[in-house]
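A single structure is presented below for examination.
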2 protein chains.
Amino acid sequence: MKLDVIFSPVQADELFFTKRTTVVIDVLRASTTIVAALKNGAKEVVPVGTIEFAVKVSGGMFGGQTLLGGERNTKKIDGFALGNSPLEYTSEIVGGKTIVFYSTNGSRAIVKAKYSANLFICAFNNLRALATHLKKLNEDVTILCSGNNNFFSLDDSVCAGMLVSELVNEKKKVDLTDSSTGALTLFKSFGKNILKLLSESEHGKLLVNNGHKDDLKYCAELNNTDIVPFYSGNTLKVLR
Amino acid sequence: MKLDVIFSPVQADELFFTKRTTVVIDVLRASTTIVAALKNGAKEVVPVGTIEFAVKVSGGMFGGQTLLGGERNTKKIDGFALGNSPLEYTSEIVGGKTIVFYSTNGSRAIVKAKYSANLFICAFNNLRALATHLKKLNEDVTILCSGNNNFFSLDDSVCAGMLVSELVNEKKKVDLTDSSTGALTLFKSFGKNILKLLSESEHGKLLVNNGHKDDLKYCAELNNTDIVPFYSGNTLKVLR
């Protein structure tokens with residue numbers, strides 16, 4: 001098993017992901033929110049690459065049972081029912097619904113990786129469940145950090161490193177690249193206190209300044225669910 | 001002083017660098033080779049973004065005193081006088097000469113950052129001399145890792161982290177971003193044995209397989225010169 005980490009979606013093009021097993025991470029907050037939505041009974045999450053496409057898709061295809069969710073640069077989008085706080089995606093609100101989801105970094109990273117043979121979503125909330133599945137799958141894994149407007153994000157990278165750490169703790173031989181070695185090292189330095197890591201990250205500070213301190217606490221919860229979101233036919237559903 | 005690190009040139013566009021103080025790093029081997037060329041008496045190094053442009057420039061403007069140097073994917077380019085090994089750039093060969101230089105990652109990173117207000121080249125060989133100059137300059141610094149075909153390179157990142165470390169060890173307040181925090185952490189983990197780091201990096205292994213083991217030893221030498229290459233008027237010269 002070979003593990004690679006990509007620290008920003010801009011480092012690879014769509015065709016790069018063809019036939020790969022890919023894991024997309026956007027701890028603050030898209031991947032955490034997607035996991036929360038599915039955990040709380042959303043039928044599916046449809047990640048989209050543009051706001052215009054979100055509006056277009058939500059109007060037609062899913063007749064009445066659709067909610068628009070997401071953010072642009074940490075702010076809720078006009079006309080969207082939901083923002084990008086995982087705390088908004090309660091079972092009362094999302095149960096049985098299709099969520100059409102756009103976010104500045106996360107949903108665009110997922111769309112970029114759409115040609116993957118297997119495409120999963122990872123947050124701290126579901127990390128071990130995903131690791132368990134990846135061990136069974138036993139394929140090479142590319143971990144794609146959504147980053148921060150094309151730049152490096154420490155929270156995503158440490159989460160990637162934690163996933164590498166889970167997969168390395170196996171008896172099987174695991175090959176690491178420069179980037180997965182780096183991510184693993186960052187996890188070893190910053191992984192002991194995830195809430196502190198999130199609070200001191202650039203994006204975490206911005207969220208706290210915008211009144212989302214409680215989101216950070218939720219995003220820092222480790223393995224609070226066994227949900228593994230899996231991408232198939234343009235939507236994310238719970239892997240059964 | 002704010003310190004930022006960009007792990008791949010593809011993460012920013014040319015205009016991003018306008019008015020910035022930028023440091024380009026390509027330890028294996030372009031930045032090491034450029035430092036070596038200038039240390040050994042080359043008049044200047046002209047970094048170019050394409051091989052075609054290298055050939056065009058070398059034919060006309062510099063009448064007879066020009067050498068073509070560089071590589072494409074670690075291999076010497078047909079018709080070029082020099083490859084990308086710093087050991088080739090001896091004073092006998094490069095003394096007084098203009099070197100038109102192309103490499104897969106390094107020269108393209110330099111060209112990308114050409115609109116910087118101040119643009120310097122860093123290798124392990126000249127790291128402290130550059131740090132001393134940057135302390136005097138007292139500007140925010142963007143450290144651009146040339147990376148590996150758009151991907152993350154551990155050797156460049158650790159070198160960036162060592163430069164961050166030198167600048168942080170000051171009395172003045174230094175602001176770090178997610179990426180400069182990450183690079184500093186990688187330096188603390190891998191910076192104690194630079195030759196080992198280079199030997200175990202993806203690009204280092206490739207170079208050893210291609211017969212360039214001695215290059216790694218040279219690239220790992222710490223502070224063997226006070227040369228600081230500075231970019232001005234499309235060429236790199238020694239900062240006086």
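Whole number please: convex hull volume per residue, Cα atoms of segment A:78-162, in Å³.
Details: hull volume 11.7 nm³, N = 85.
So the per-residue hull volume is 138 Å³.
Okay, next question. Averaged over its residues, how many other protein chain Cβ atoms are within 10 Å of peptide B:173-180's Cβ atoms? Don't skip to the end; give the middle numbers.
Values: counts 0, 0, 0, 2, 6, 15, 9, 1.
Other-chain Cβ atoms within 10 Å of each residue's Cβ, averaged: 4.
Next question, about the same structure. Place the peptides A:201-207, B:189-195, B:209-215 in order of packing, highest mean first, counting for every residue the other Cβ atoms within 10 Å and averaging per peptide. Intermediate values should be presented prior to the final figure.
On the way: A:201-207: 20.4, B:189-195: 16.3, B:209-215: 14.4.
With the highest mean Cβ count within 10 Å placed first, the list reads A:201-207, B:189-195, B:209-215.
7 Å from Cα along Cα→Cβ at both B:A117 and A:K136: what's the point-to-point distance in nm?
5.7
Moving on to the next point. What share of all Cα pairs of segment B:142-183, in percent, falls into each consecutive 5 Å distance bin?
Reading the bins upward from 0: 6, 23, 31, 21, 10, 5, 2, 0.
Right, something else. Report the full-extension gain for the segment B:E221 to B:Q65: residue separation times 0.36 nm, less the Cα-Cα distance, to one decimal in nm.
On the way: separation 156, 0.36 × 156 = 56.16 nm, distance 2.96 nm.
The B:E221-B:Q65 span can extend by a further 53.2 nm.
Compute the separation of the alpha-carbon centres of segment B:40-98 and segment B:125-144 and state it in Å as a whole number.
For segment B:40-98 versus segment B:125-144, the Cα centre distance is 26 Å.
Taking 7 Å along the Cα-to-C-beta vector as the label spot, tell me the B:V55-A:V174 distance in nanometres, rounded to one decimal.
4.7
Please list, in chain and number order, the residues 5+ apart from A:V46 or on another chain whose amide H is under 5 Å from its amide H, with Hs placed from the backbone.
The answer is A:I99, A:V100, A:F101, A:L236.
If you rank B:D26, A:D4, A:D78 by how much accessible surface each has, with a 1.4 Å probe, what is the order from largest down? Display every interim value, and only then the final one.
On the way: B:D26 10, A:D4 35, A:D78 150 Å².
Per-residue accessible area, sorted high to low, gives A:D78, A:D4, B:D26.
Within 10 Å of each Cβ of A:137-149, how many other protein chain Cβ atoms are there on average?
On the way: counts 0, 0, 0, 0, 0, 0, 0, 0, 0, 0, 4, 3, 1.
Counting Cβ atoms of other protein chains within 10 Å of each residue's Cβ and averaging gives 1.
Another question about this same structure. In Å, what Kirkwood hydrodynamic radius results for segment A:127-204 from the alpha-carbon pair distances?
Working: mean 1/r = 0.0767 Å⁻¹.
Final number for the Kirkwood radius of segment A:127-204 is 13.0 Å.
Please list, in chain and number order, the residues 5+ apart from B:E71 or on another chain whose amide H is under 5 Å from its amide H, with Hs placed from the backbone.
Amide H neighbours of B:E71: B:Y102, B:S103, B:T104.
Convex hull over the Cα atoms of segment B:4-87, averaged projected area in nm²?
6.8
Let me ask something else about it. Report the percentage of all Cα-Cα pairs in segment B:152-240 whose separation exceeds 23 Å, rounded to a whole percent.
38
Over all alpha-carbon pairs of segment B:37-86, lay out the pair-distance distribution in 10 Å bins, whole %, shortest bin first.
Each 10 Å bin holds this share of Cα pairs: 23, 59, 18.
Additional query: Inverting the mean 1/r over all pairs of different Cα atoms, compute the Kirkwood radius of chain B and quote it in Å.
Numbers: mean 1/r = 0.0575 Å⁻¹.
Value: 17.4 Å, from the Cα pair sum.
According to a simple spin-label model (label point 7 Å from Cα along Cα-to-Cβ), what is the distance in nm between B:N73 and A:N193?
4.7
Another one. Roughly how large, in nm² to one decimal, is the mean projection of the convex hull of the alpha-carbon atoms in the protein assembly as shown?
On the way: hull surface 92.6 nm².
Average projection, Cα convex hull of the protein assembly as shown: 23.2 nm².
For segment A:79-127, what class follows from the C-alpha gyration tensor (a ≥ b ≥ c being the square roots of its eigenvalues): rounded when a/c is under 1.5, otherwise prolate if a/b is larger than b/c, else oblate? Please list the in-between numbers first.
Working: a/c = 1.88, a/b = 1.52, b/c = 1.24.
Taking the square roots of the gyration eigenvalues as a ≥ b ≥ c, segment A:79-127 is prolate.
Quick one: what Rg and Dmax do you get for segment A:61-203 from the alpha carbons, in Å?
Here Rg and the maximum Cα pair distance are 16.7, 51 Å.
Next question, about the same structure. So who's got an amide H within less than 5 Å of the one on B:L239, skipping anything under 5 residues away but keeping other chains? H placed 1.01 Å off N, in plane.
B:V228, B:F230
The values are calculated or read from the model by the stated rules, or taken from the named source; none is laboratory data. Everything quoted here is computed from the prediction, not taken from an experiment. Virtual Cβ from ideal backbone geometry, glycine too; neighbours counted across all protein chains shown. Just the protein is used for accessible areas: all its heavy atoms, side chains included, with ligands, DNA and RNA removed. Shrake-Rupley method; radii C 1.70, N 1.55, O 1.52, S 1.80 Å.
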